[in-house]
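J.: Handing you this structure, nothing more for now.
Read the figures in this text as sums done on the coordinates, not as results from a lab. Since we're looking at a predicted model, the values are computed, not measured. As a convention, Cβ positions derive from the backbone with ideal geometry for all residues, glycine included, and neighbour counts pool all protein chains shown.
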Amino acid sequence: MNQLSNTFRKKQTGTAIIVCLMLLTIATLIGINAVSSTVLEEKMAGNIRNKHMSFQSAESGLRQAELAAAALTDVTTFDGTNGLYPGSNPGDAYGVLGALANYPVWEDDVNTNWVNGTTPTGMPNPPQYIIEDYSESPRDQTCQYIKPIPPGCKLKVYRITVQAEGLNSNSVTVLQSTYKRL
């Protein structure tokens, strides 16, 4: 029996260990790929959540700014203070006669005085907004066709711009709305 056992040992060439090592290498590569894929998906999900939080914060700021615009009067001064700006036009530049801010106002980080809204629950920073005196619009269809338009027939229209950060500062949402005061 020892002779038969020795014969089999002499014929073994070590292929079993090579096959096992190859299978172990393949399993390791599959495991590494699964872990890196999971980490990437987790980062993507976090970024999407951050983007949505930024958007929701900006929506909250937009509602706050619309309430502030509703409280404005016809004698409100739009001079660049307290987040109130005159309407800007393409080509306007800060310091040029008749222009109080660069066009568009919200792109000028240095000279724009943003108003902080109320910080939504769970957010680190409040949304910020500005209100621009955009134009006037007829109150209704009956006013629209009267020429010249009588006093009290026009309502103020404002452009509201809001910016908000997500949970970290790599996600910023900017929203704009046109608001017609009633």
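J.: Give me the angle, in degrees from 0 to 90, between the Cα long axis of helix 15-70 and the longest principal axis of the Cα atoms of the chain, rounded to the nearest 10.
T.: The answer is roughly 10 degrees.
J.: Express as a percent, rounded to the nearest 5, the fraction of DSSP beta bridges in the chain (both residues included) that run antiparallel. Working shown, then result.
T.: Working: 21 of 24 bridges.
Of the beta bridges lying entirely in the chain, close to 90 percent run antiparallel.
J.: Can you tally the lysine pairs in the chain where the Cα-Cα distance is under 22 Å and the two residues are eight or more apart, or on different chains?
T.: On the way: Lys43/Lys51; Lys147/Lys156; Lys147/Lys180; Lys154/Lys180; Lys156/Lys180.
Lysine pairs, 8 or more places apart or on different chains, close enough: 5.
J.: Quick one: dipole size for region 14-180, taken about the Cα centre, charges +1 on Lys/Arg Cβ and -1 on Asp/Glu Cβ, in debye to the nearest 20.
T.: 400 debye
J.: In degrees between 0 and 90, to the nearest 10, how far off the longest principal axis of the chain does helix 2-11 point, with axes built from Cα atoms?
T.: The helix 2-11 is inclined about 40 degrees to the chain.
J.: Please give the peptides 30-38, 62-70, 77-85 ranked by average Cβ packing (other Cβ atoms within 10 Å per residue), highest first, as a rough proxy for protection.
T.: On the way: 30-38: 10.0, 62-70: 17.9, 77-85: 16.2.
Final packing ranking: 62-70, 77-85, 30-38.
J.: Throw me the Rg/Rh for region 14-159, computed over C-alpha atoms with Kirkwood Rh, two decimals.
T.: On the way: Rg = 28.0 Å, Rh = 20.3 Å.
Reported Rg/Rh, Kirkwood definition of Rh: 1.38.
J.: Quick one: which residues, 5+ away or cross-chain, put their amide H under 5 Å from the amide H of Asn113? H built at 1.01 Å from N.
T.: Close amide H contacts, sequence-distant or interchain: Gly83.
J.: Looking only at Cβ-Cβ distances, which cysteines of the chain have no other cysteine closer than 4.7 Å?
T.: That list is Cys20.
J.: Long-range amide H contacts for Arg139: which residues qualify at under 5 Å (H placed 1.01 Å from N, peptide plane, sequence gap of 5 or more or a different chain)?
T.: Long-range HN contacts for Arg139: Lys154, Leu155.
J.: If neighbour count is taken as other Cβ atoms inside 10 Å, put Thr112, Thr178, Thr73 in order from fewest to most.
T.: Numbers: Thr112 20, Thr178 12, Thr73 7.
Taking fewest neighbouring Cβ atoms as first place, the list is Thr73, Thr178, Thr112.
J.: Right, here's the next one. Can you give the helix-only mean residue ellipticity at 222 nm for the chain, where every DSSP H stretch with n ≥ 4 adds -39500 (n - 2.57) and the sum goes over all residues, rounded to the nearest 500 deg cm²/dmol? It would help to have the intermediate numbers written out before the result.
T.: Values: 3 runs with 70 residues, N = 182.
Helix contribution divided over all residues of the chain: -13500 deg cm²/dmol.
J.: Another one. ³J(HN,Hα) across region 72-79 via Karplus (A = 6.51, B = -1.76, C = 1.60, θ = phi - 60°), whole Hz, x for Gly/Pro?
T.: 6, 10, 5, 9, 5, 8, 9, 10
J.: Based on the mean of other beta carbon atoms within 10 Å per residue, what is the order of 45-52, 123-130, most packed first?
T.: Descending packing order for the listed peptides: 123-130, 45-52.
J.: Toward the positive end of the charge dipole of the chain, about the Cα centre and with charges on Cβ (Lys, Arg +1; Asp, Glu -1), which of Ala45, Gly61, Gln128 goes farthest?
T.: Result: Ala45, furthest along the dipole toward the positive end.
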